[in-house]
Structure formats: structure tokens, C-alpha cells
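Only the coordinates and a few stated rules stand behind these numbers; no lab work does. Just so we're clear, the structure is a prediction, and the values are computed from it rather than from any experiment. Cβ: placed from backbone, ideal geometry, glycine included. Neighbour counts: every protein chain shown.
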Amino acid sequence: MMKRYGPWALVTGASSGIGRGFALALAERGIAVVLVARRRALLDEVAAEIAARFRVSTRVIVLDLAAAGASASLAAAVADLEIGLLIANAGTGWIGRFDLQTLETHTSMIRLHCESTVELTARLMPAMKQRGRGGVIIVSSMGGLIPVPYYALYGGTKAFLLNWGEALAIEMQGSGVDVMVVAPGDTKTGFQEVAGEMSTRWSSVEDVVRQTLEGLGRRSLVVPGLENKLSLIAARFLPRSWLMRMVEKRQREQTPRERR
Ligand SMILES: NC(=O)c1ccc[n+]([C@@H]2O[C@H](COP(=O)([O-])OP(=O)(O)OC[C@H]3O[C@@H](n4cnc5c(N)ncnc54)[C@H](OP(=O)(O)O)[C@@H]3O)[C@@H](O)[C@H]2O)c1
């Protein structure tokens, strides 16, 4: 890992959940980590844990990636580091009907999930390509596979990441830069509380991170977990109208009544 994707990795959304899991797993493999998110106290805790357990370097960068110019500032703040792996993971959700949310919330999600991921990739990948080694992991979601009522925009942004990322993976074949999309299903993190979702079945962060890192350099898409893999097959082979009915039923169960 270190030779192929080191010496530094940059993980967005490293203060919590899956991003925190990636940061710890990479540090365990000897890779120094740039930790990016908005909550400094949590980032500092992750940095302290990495220092205590793995003794590798970290750099904490506190940034709202949905803000104008944030990705450019981030690229400038790591210009002195050799970033061999970008994990574009920061994300957020809000379960409920599109028309109940503000325009600012919608555009902010598009900036965070789509614009910032594209911009960071465009800014950090050229140096990897020049070195002939590196990787980009794009965190999409099972919600990107088919339309998801009550997560309409969230699912739309994740579908963008899935399609763009898998196409990019093919374009970059032979360049030395491994691009991969990961589409987790429900995973127990801070996400559900922020989104207001009422899920009951979970993957663990550790499983999602392990399966993703195992797939890096081998696959362009990783869907962690057996149940999610079966859903992927269903999404590809079942008629869309059936799927939509099943997804709507499940989503209604997970959406608080006042948001339906
Ligand atoms: N958990 C699931 O069930 C699940 C399923 C499929 C896909 N995913 C995806 O996995 C990714 C990680 O989510 P998670 O489940 O680990 O949730 P989480 O525990 O809530 O973590 C989200 C991370 O993103 C950061 N973030 C959110 N908005 C940000 C902003 N504007 N600027 C910078 N950082 C921001 C958060 O940090 P701060 O709040 O400190 O900024 C936090 O570190 C997301 O892209 C999510 O869509 C999650």
C-alpha cells in the first residue's frame, strides 16, 4: 500500500464514520494522512489516535468543502505533500421529500458530493499520473444505483459519482492511477442522525473500509457486504418499475412521517 499509494493520503470527511475508518486503516498501513472536515475537535481526536497507535504523521485541515473555493484552498494547503491517494468521502444526507428542503441545502449537497469530488480529483490526480502511481477512491452509495424516493437528490448525486467514477476508472487504466468507486449500503455512522433516517440493518465501518481497500487496484466498483451485492444484481436485472416499488416501500418505512 505504502509504495503504491503513499507517502500521503488525503481523506475528506475524516472526522467521523467511514472517513475516520479509512484514515485509521491507512495509518495502520504506514501511510501519513491529511484529515479534512469541519469539526476540528473530532479531527484532532483522530490525529491523536493515529499518533498514539501507529506513529505516522497527520495534517488536520478544517474546511467546509461545500463552500466556494474550498477545494482550491485544500489543494493549496497540501501542495507541499506527495499525495498518493485521494479518498473523496465527505458527504451528508437528508431523508425526506425534495420540496421540503431549501434551495441552499440542495445546492450545498451538489457542491459537496459532486463539485468538490470532481475538483479535488482534477487538482490532485495529475501529479499521481506524472509519478505513474496513485489512487482515487470515490465514495458513492447503494442509493446511486437506482432512483431513491425521499433521497431523490442524495441518490442523484451518488448516481453521478458512480457513473463518473466508473468511467474515469476505465479512462485511467494503464496510467498507474487506480480509480475506484465504493457504494456502501446502510453503515452505522453519524450519517443516520444527520439525515434523520430510521434504518435498522447495518454494515460495520471496518467491513466497508477493509473490502474497499482490498478492491483498490483490482476493481472499479466495490459494493461491500453480501446483501448489498445481491441488491446490485437485482438493480441490474429486475424491471425498474418493480425495483422502484420495493425501494419506495423501504424508504417510506425509514422516513419520519412529517417528511413524507
Ligand atoms: N452511512 C451510510 O449508511 C452510508 C451509506 C452509503 C454511503 N455513505 C457515504 O459515506 C460517506 C461518509 O459518510 P458516513 O456514513 O461516514 O457519515 P458521517 O459519520 O456523518 O461522516 C460524514 C463525514 O463527512 C464530513 N462532512 C460533511 N459535510 C461536510 C462539509 N460540508 N465539508 C467537509 N466535510 C463534511 C463530516 O465531517 P464534519 O461534520 O466534521 O464536517 C464527516 O466527517 C458519505 O459520502 C455518505 O454519503 C454512507
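Divide by every residue of the chain the summed helix terms, -39500 (n - 2.57) for each DSSP H run of at least 4, and state the resulting mean residue ellipticity at 222 nm, rounded to the nearest 500 deg cm²/dmol.
The per-residue figure over the chain is -15000 deg cm²/dmol.
Which residue, G196, G165, G17, has the most motion in a Gaussian network model of the chain that connects Cα atoms within less than 10 Å?
Sorting by GNM fluctuation, first place goes to G196.
So what is the diffusion coefficient of the range 1-149 in µm² per second by Stokes-Einstein at 4 °C and 1.567 mPa s, using a Kirkwood Rh over Cα pairs? Spell out each step's value before the answer.
Numbers: Rh = 15.8 Å.
So the translational diffusion coefficient is about 82 µm²/s.
Enumerate the aspartates and glutamates that K188 could reach by cross-link, defined here as Cα to Cα under 12 Å, with residues fewer than 8 away along the same chain left out.
E197, E206, D207
Taking Cα centroids, how far is the range 93-124 from the range 17-39 in Å?
Here the answer is 22 Å between Cα centres.
Determine the gain in length on full extension of the stretch I170-R131; use 0.36 nm per residue of separation and subtract their C-alpha separation, reporting nm with one decimal.
Details: separation 39, 0.36 × 39 = 14.04 nm, distance 1.87 nm.
Length gained between I170 and R131: 12.2 nm.
Which length gain, in nm to one decimal place, applies between R55 and R97 when the Cα-Cα distance is subtracted from 0.36 nm times their residue separation?
Numbers: separation 42, 0.36 × 42 = 15.12 nm, distance 4.57 nm.
Result for the pair: 10.6 nm of gain on full extension.
May I ask you to compute the full-extension gain from R4 to L221, defined as 0.36 nm times their residue separation minus their alpha-carbon distance, rounded to one decimal in nm?
Extending this stretch completely gives an extra 76.2 nm.
Quick one: among A79, A159, A14, which has the greatest mean-square fluctuation in a GNM of the chain with alpha-carbon springs under 10 angstrom?
Top of the fluctuation ranking is A79.
What is the range 2-259's relative contact order, in percent, from Cα pairs under 8 angstrom and six or more apart in sequence?
On the way: 486 pairs, mean separation 47.1, N = 258.
Over the range 2-259, the number comes to 18 percent.
R0 = 22 Å: FRET efficiency of D44 with A75, Cβ-based, nearest 0.05? If you can, show how the numbers build up before the last one.
Numbers: r = 22 Å, r/R0 = 1.01.
Rounded to the nearest 0.05, the efficiency is 0.50.
At each listed q (0.13, 0.16, 0.17 Å⁻¹), what is the log10 of I(q)/I(0) that the Debye formula gives for the chain modelled as equal alpha-carbon point scatterers?
-0.80, -1.22, -1.37
Identify all lysines with a Cα-Cα distance to K129 below 21 Å; exclude those on the same chain that are fewer than 8 residues away in sequence.
Straight-distance partners of K129: K3.
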